[in-house]
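One structure coming up, written as structure tokens, with questions to follow.
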Amino acid sequence: MSQRLPDHLDPWRYVNLAKRTNGSYSLGDLPRLRGCLAEQQGEARFDLEFSRDKQHRACLHGTVEAQLVLECQRCLGTILFPVKSKVSLAFVESLEEAENLPDDLDPELVENGQVELRNLIEDELLLALPQVPTHPVGECASGMGEKPNEKPVAVRESPFAVLAQLKRHDE
């Protein structure tokens, strides 16, 4: 970590002071993300700015970046997955407030007047993960997902086609 960051912070205070914070967390220190990674080396870097928007909502904008090593679900090899996620959220104290936010702002529920910065960073990285990580077609060691160079299989006639012909002859 490049600077000492608080475990919990008061978002309202940071917004009122128009604070800007940047730093990093080791990927191994993000427990929910750790289980999704093939390797835990590296760090998540962030640059965040606390501010108020035109409607005086307390907001957080910035970026979160990391180089994640994931496991390909085709060949079980490793994939380097770069993440550069834009953060754009508003601090809210109730679900009603969250429902009234515009589409370009994600809600961040503030409980007991505090938020955990590490959780915010980890959430952004988790949201950026692909549902099923795989190498691009043609790069996977398994060979699956590639287009085969075979002739198309001949279409078989339905076993009921004979019955349909018999029915036509009876009419």
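Could you order peptides 127-137, 6-16 by the average number of other Cβ atoms within 10 Å of their residues, highest first?
Per-residue mean Cβ counts within 10 Å order the peptides as 6-16, 127-137.
Can you give me the % of accessible surface on segment 5-114 that is carbon or sulfur? Probe 1.4 Å, all protein chains present, nothing else counted.
Answer for segment 5-114: carbon and sulfur cover 44 percent of the accessible area.
Here's something else I'd like to know. Would you mind checking which residues have amide H under 5 Å from Glu43's amide H? H placed 1.01 Å from N; only 5 or more apart, or other chain.
Counting only residues 5 or more places away or on other chains, the set is Leu27, Gln67.
While we're here: Quote the charge dipole size of segment 1-151 about the Cα centre in Debye, to the nearest 20; the model charges only the Cβ of Lys and Arg (+1) and of Asp and Glu (-1).
480 debye
List, in order, the whole-Hz ³J(HN,Hα) value for each residue of segment 118-124 obtained from phi through the Karplus relation with A = 6.51, B = -1.76, C = 1.60 and θ = phi - 60°; use x for Gly and Pro.
Working through the residues one at a time gives 4, 5, 4, 5, 4, 4, 4 Hz.
Let me ask another. Would you mind checking which residues have amide H under 5 Å from Gln73's amide H? H placed 1.01 Å from N; only 5 or more apart, or other chain.
Amide H neighbours of Gln73, under 5 Å, 5+ apart: Thr134, His135.
Between Asp106 and Gln41, with labels modelled 7 Å along Cα→Cβ, what's the label distance in nm to one decimal, could you check?
2.8 nm
Counting heavy atoms of the protein chains only and a 1.4 Å probe, report the per residue accessible area for segment 1-75 as a whole number of Å².
56 Å²
The values are calculated or read from the model by the stated rules, or taken from the named source; none is laboratory data. Note that the coordinates shown come from a computational prediction; the quantities given were computed from them, not determined experimentally. Note: ideal-geometry Cβ built from the backbone for every residue, glycine included; neighbour counts use all protein chains shown. Side chains are part of the model used for accessible areas, which takes the heavy atoms of the whole protein and leaves out ligands, DNA and RNA. Shrake-Rupley method; radii C 1.70, N 1.55, O 1.52, S 1.80 Å.
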